[in-house]
């Protein structure tokens, strides 16, 4: 089942334009979100607090493979998108196929872009673009001990 929250890049741009015309603060974040866990949920809830609409830019399966290796993602992109779209704090989801969402961010031009506390302005690949378009960057603390990589490792060790 594909949610009405999962949009093509073009439909997302149109939706964001409408939200901004209505004076809404648009927040974006991005990631793989493979094997959704409580750390993801808390992160996304915190990200949503930075504005009126939260858009999750989701790496495609091919993008995840390039970033994380040939055995990832565990969960296919359509299922990852459906899980994210099912969260009350997420307003929209759109895919990107590059290593970073710079191209889509350029088109969307969010008011705020949120990343985990393991990043900062110096290490965030899209930081310069965000500065150029006037978007504020916010960094949300991560839930300690909760990551997809650590979860996968624990599962593998338990077998």
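The values are calculated or read from the model by the stated rules, or taken from the named source; none is laboratory data. Small disclaimer: the values here were computed from a predicted structure and weren't measured. Here the Cβ positions follow ideal geometry from the backbone for every residue, glycine too, while neighbour counts run over all protein chains shown.
Out of the residues in region 87-98 that are surrounded by fewer than 17 Cβ atoms within 10 Å (Cβ to Cβ) and either modelled with pLDDT under 95 or under 14 Å from the mean Cα position of the chain (by Cα) (or both), state the one that is nearest to residue 27 (Cα to Cα).
It comes out as 89.
Report, ordered by the first and then the second residue, all pairs with beta carbons closer than 6 Å, sequence separation of six or more or different chains, a first member in region 7-26 that is free of Cβ contacts under 8 Å to residues at least 60 places away in the same chain, and a second member that is part of a loop (DSSP other than H, G, I, E, B) and surrounded by 12 or more Cβ atoms within 10 Å (Cβ to Cβ).
Pairs found: 24/52.
Scan 66, 80 and give me the residue that is surrounded by 18 or more Cβ atoms within 10 Å (Cβ to Cβ) and at pLDDT 95 or above.
Exactly one residue qualifies, and that residue is 80.
With respect to the numbered conditions (1) surrounded by fewer than 23 Cβ atoms within 10 Å (Cβ to Cβ); (2) over 16 Å from residue 100 (Cα atoms); (3) touching a helix residue (DSSP H, G or I) at 6+ places or on another chain (Cβ under 9 Å), which one is the sole condition not fulfilled by residue 26?
Of the numbered conditions (1) surrounded by fewer than 23 Cβ atoms within 10 Å (Cβ to Cβ); (2) over 16 Å from residue 100 (Cα atoms); (3) touching a helix residue (DSSP H, G or I) at 6+ places or on another chain (Cβ under 9 Å), the odd one out for residue 26 is (1).
If we keep just the residues of region 99-120 that are modelled with pLDDT under 95 and touching a helix residue (DSSP H, G or I) at 6+ places or on another chain (Cβ under 8 Å), which is surrounded by the most Cβ atoms within 10 Å (Cβ to Cβ)?
Result: 116.
Filter region 29-56 down to the residues that are surrounded by 19 or more Cβ atoms within 10 Å (Cβ to Cβ), over 13 Å from the mean Cα position of the chain (by Cα) and part of a helix (DSSP H, G or I) and list them by number.
none
State whether one or more residues within region 127-140 are at pLDDT below 95 and either buried (at least 16 other Cβ atoms within 10 Å of the Cβ) or over 13 Å from the mean Cα position of the chain (by Cα) (or both).
Within region 127-140, the first condition is being at pLDDT below 95, and the residues that meet it are 140.
Then keep just the ones that are either buried (at least 16 other Cβ atoms within 10 Å of the Cβ) or over 13 Å from the mean Cα position of the chain (by Cα) (or both); that gives 140.
Scanning region 127-140 turns up at least one residue that is at pLDDT below 95 and either buried (at least 16 other Cβ atoms within 10 Å of the Cβ) or over 13 Å from the mean Cα position of the chain (by Cα) (or both).
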